[in-house]
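Where a number appears in this text, it was derived from the coordinates with a stated rule and is not lab data. Bear in mind the structure is a predicted one, so any value in this text is a computation, not a measurement. Counting neighbours? That spans all protein chains shown, and the Cβs are built from the backbone with ideal geometry, glycine included.
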Amino acid sequence: MALDATYVGDRPIDVILIGGSAGVLEVLRVILAGLPHALKIPVVIVVHVPERSPALLPQVLQPATPLPLKFAEDKEPLAGGTIYVAPAGYHLLLETNRCFALSIDPPVLFSRPAIDVLFESAADAYAGRIMAMLLTGASADGARGLASIHAAGGVTVVQAPQTAEAATMPAAAIALFDPDFVLSPPDIAALGASLSPYPRSAAWTRRTRNDPN
Amino acid sequence: MRLLLEAIYEAYHYDFRQYAVASLKRRLAQALIRFDCRTLSALQEKVLHDEQVFPILLEYLTVQVSDLFRDPLYYLALRQHVLPTLATYPSLKLWVAGCSTGEEAYSLAIMLAEEGLLNRTLIYATDINSESLRKAQNGVYPLDRLRLFTLNHRESGGKGSLSDYYHASGQSAVMDPQLRNRITFADHSLATDSTFSEVHLISCRNVLIYFNRELQDRAVGMFHEALVLRGFLGLGSKESLRFSAHAEGFVDYRPEEKIYRKAM
């Protein structure tokens, strides 16, 4: 596992998690386009979509990145360099054996999939070796989950509310705790592009943090 | 968590030890709030010493809300591609494994009635939660859910009107007793019991996602054993046999709708 670790500055991560809702597709395209093409770790995305909507997310997002992008399946092992999207109507969870699990437990804050469910299960299964991003959205889903990742020692990234089409979601996270990074979409993309198979100095992480530009 | 699950197994013979951990943890976290417990060991104390507690905890650990004809395309595929084959048998047995409060069993019964097969069919509908089974047996659903059920039924290729199969009573819809008469609701655990009958079709939807891989393998192995040769297995729309030890015992039949057929 350590062989495939990726670093945000000096902090090792094994997975990138992204959650968002209203207005998130444009932001996702920017962030996915910035990821290194040789990315060694998996990316998992939860976007709020209506339960009975057609399953179009992979088609919509795939053009933004050369990395393979697909719906996550139950019991599927997470593969490095692959981007997974939660299917509509199911919660998506991560297990300690680094496989996906789905559930049809009731919606959380009216959403299924819910970002909190993914983030909280990941905080448990991956301890702190996570980079999680919470983007634009019109509900508070994801804030609690991101706080649990923060508490577990993971790297937390929140879209700067003033850059968000719907500020409720990022603002809810910032109200709960002090995230590592509060950035505009282009800066989040730059942070993603800077992911490296080797650690950099802690000073680098501090310098990048909460960059006002 | 392991200690709590062992204690539940020892005291009540319900086996959650091979359930998928992530979902179970979430549900237990909700139960902690409900029972005002700070830790799982506090909950364990309560479960072992207060017999009122376990039935409520069981609701947290097992209950699934479903709909009549949830995922209409699944039922459409059964209607168009499975029932014509089943119709060639003189008598039919179906098994709804993990029937919860009965929605799936009634959906199948309605579809069989519409296709003229219900009078020669017996449906076994099993679950581990006796309170769910009691509700399933009663076949009473809130009337306000019927709008969605009716929409689903139509999309599933329903021939008549869904209202032919229930009558309204106050704020409830009561399923037609003629459907209920063809369904045997029974207590059965995919974790601890074995097969009980040979069946032609097993429908087990959104149950396996709550099991770990070992328990999934046990359940799917049991399904394989229970099915007649070339019998059918229908899973939930996001479940598959891809990661199962028994994958080679089945062939894809309607892969889009997760309907498999027992291999030769």
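For segment A:36-125, the set of GluC sites (Glu not before Pro) satisfying both a DSSP loop assignment and a count of at most 14 other C-beta atoms within 10 Å is given as A:Glu51. Here B:Thr88, B:Thr150 are placed in order of increasing Cβ neighbour count within 10 Å, fewest first, which gives B:Thr88, B:Thr150.
Across chain B, the convex hull enclosing all Cα atoms gives 125 Å³ per residue.
Angle, helix B:2-12 long axis vs. longest principal axis of chain B, Cα atoms, 0 to 90°, nearest 10? It works out to around 70 degrees.
Where a ≥ b ≥ c are the square roots of the eigenvalues of the C-alpha gyration tensor, would you call segment B:81-178 rounded, which needs a/c under 1.5, or, failing that, prolate if a/b is larger than b/c, or oblate? Oblate, because a/c is 1.5 or more while a/b does not exceed b/c. Partner lysines whose Cα lies under 29 Å from the Cα of B:Lys46, excluding those fewer than 8 positions away in the same chain, are identified as B:Lys25, B:Lys135. Relative to the longest principal axis of the C-alpha atoms of chain B, give the angle of the C-alpha long axis of helix B:213-226, reported between 0 and 90° and rounded to the nearest 10°. The angle comes out at about 40 degrees. Of the chymotrypsin sites (Phe, Trp or Tyr not before Pro) found in segment B:159-221, those in coil by DSSP whose Cβ has at most 13 other Cβ atoms within 10 Å are B:Phe196. Taken over the alpha carbons of segment A:17-194 as equal point scatterers, the Debye sum produces base-10 log I(q)/I(0) values at 0.10, 0.12, 0.14, 0.20 Å⁻¹ of -0.31, -0.46, -0.65, -1.53.
Exposure proxy ranking for B:Asp176, A:Asp178, based on other Cβ atoms within 10 angstrom of each Cβ and starting from the fewest, stands as A:Asp178, B:Asp176.
For segment B:20-33, 3J(HN,Hα) computed residue by residue from phi via the Karplus equation (6.51, -1.76, 1.60; θ = phi - 60°) reads 4, 5, 4, 5, 4, 4, 4, 5, 5, 4, 5, 5, 4, 5 Hz, glycine and proline entered as x. Beta bridges per DSSP, both residues in the protein assembly as shown: antiparallel share near 35 percent. In a reduced charge model with +1 at each Lys and Arg Cβ and -1 at each Asp and Glu Cβ, chain B shows a dipole moment near 480 debye about its Cα centre. Dipole size of segment A:17-194 about its Cα centre, with +1 on Lys/Arg Cβ and -1 on Asp/Glu Cβ: approximately 320 debye, rounded to the nearest 20. Along segment B:233-247 the Karplus relation, 6.51 cos²θ - 1.76 cosθ + 1.60 evaluated at θ = phi - 60°, assigns HN-Hα couplings of 10, x, 10, x, 5, 10, 9, 8, 8, 3, 9, 9, 5, 9, 3 Hz to successive residues, with x for each Gly and Pro. Where both bridge residues fall in segment A:17-194, DSSP classifies roughly 25% of the beta bridges as antiparallel. Angle of helix B:53-62 to the longest C-alpha principal axis of chain B, folded into 0 to 90 degrees and rounded to 10: 50°.
Just want the answer: with Cβ charges of +1 for Lys and Arg and -1 for Asp and Glu, which residue in B:Tyr260, B:Ala97, B:Ala31 is farthest toward the dipole's positive end in chain B? Checking the options against the dipole of chain B, the answer is B:Tyr260. Looking at segment A:81-169, the DSSP beta bridges with both ends there are about 55 percent antiparallel. Computed over segment B:1-148, the P(r) curve from all C-alpha pair distances, binned at 10 Å from the origin, holds 10, 33, 26, 19, 10, 2 percent per bin.
The Cα-based radius of gyration of the protein assembly as shown, divided by its Kirkwood radius, gives an Rg/Rh of 1.00. The distance linking segment B:214-233 with segment A:1-65 is 36 Å (Cα centroid to Cα centroid, whole angstrom). Does segment B:9-69 classify as rounded, prolate or oblate by the C-alpha gyration tensor (a ≥ b ≥ c root eigenvalues; a/c under 1.5 gives rounded; else a/b over b/c gives prolate, otherwise oblate)? Prolate shape, in that a/c is at least 1.5 and a/b is the bigger ratio. The dipole here belongs to the protein assembly as shown: it is taken about the Cα centre, uses +1 on the Cβ of Lys and Arg and -1 on the Cβ of Asp and Glu, and is about 580 debye. 3J(HN,Hα) along segment A:6-11, derived from phi through the Karplus expression 6.51 cos²θ - 1.76 cosθ + 1.60 where θ = phi - 60°, amounts to 10, 10, 9, x, 9, 9 Hz, with x in place of Gly and Pro.
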